[in-house]
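**Student:** Shown below is the structure under consideration.
The values are calculated or read from the model by the stated rules, or taken from the named source; none is laboratory data. Bear in mind the structure is a predicted one, so any value in this text is a computation, not a measurement. Virtual Cβ from ideal backbone geometry, glycine too; neighbours counted across all protein chains shown.
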Amino acid sequence: MKNIKSKAIKSAANQSDMVQRLGQFQILEIDPKEKRIFASIILKGEGVPIQFDGYYEFINTAEASYIKIVKGEVSKEWIHEILQLGLEQKDGIMIPIPQKYSFILKFII
């Protein structure tokens, strides 16, 4: 069951306009009990995937759904520093979820 959930979440995330602009998830695993995400992401223009390990909240409003990153680490130092700057300046980083997936994802994550 975990493998099916991971595939569904990865498929939904890869449909996000923001993700499509940046690259594609190779691995996306979510632990809903710990509210933790692990991802391997191949970014456009990069030959080697980067690793992300972090914590999230799921935000579902009438207008849209989001995964809000509240803490995280990235394997590539300069990207890690950009993430930390974003987290310091905001109360988390919002990643929009396509509306067609938000109903299902709120039960999974």
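**Student:** When the residues of the range 67-85 are filtered to those that are part of a strand (DSSP E or B) and among the β-branched types (Val, Ile, Thr), which remaining residue is nearest to PRO96 (Cα to Cα)?
**Tutor:** ILE67
**Student:** Still on this model: Across the range 43-65, what is the total count of residues that are of a type outside the set (S, T, N, Q), surrounded by 15 or more Cβ atoms within 10 Å (Cβ to Cβ) and part of a strand (DSSP E or B)?
**Tutor:** Matching residues across the range 43-65 total 7.
**Student:** Identify, by number, the condition in (1) under 23 Å from ALA8 (Cβ atoms); (2) touching a residue at least 24 places away in the same chain (Cβ under 8 Å); (3) of a type in the set (S, T, N, Q) that SER40 doesn't meet.
**Tutor:** (2)
**Student:** Given (1) under 12 Å from the mean Cα position of the chain (by Cα); (2) exposed (fewer than 14 other Cβ atoms within 10 Å of the Cβ), where does GLU77 come up short, assuming only one miss?
**Tutor:** Result: GLU77 fails condition (1) only.
**Student:** Go through the range 82-101 and give me each residue that's β-branched (Val, Ile, Thr) and under 22 Å from ASN60 (Cβ atoms).
**Tutor:** ILE93, ILE95, ILE97
**Student:** Now, a different point. Inside the range 15-26, can you point out the residues that are loosely packed, with under 15 Cβ neighbours inside 10 Å and modelled with pLDDT under 90?
**Tutor:** Those that are loosely packed, with under 15 Cβ neighbours inside 10 Å and modelled with pLDDT under 90: GLN15, ASP17, MET18, GLN20.
**Student:** So which residues in the range 1-40 are part of a strand (DSSP E or B) and closer than 17 Å to LEU87 by Cβ?
**Tutor:** The answer is ARG36, ILE37, ALA39.
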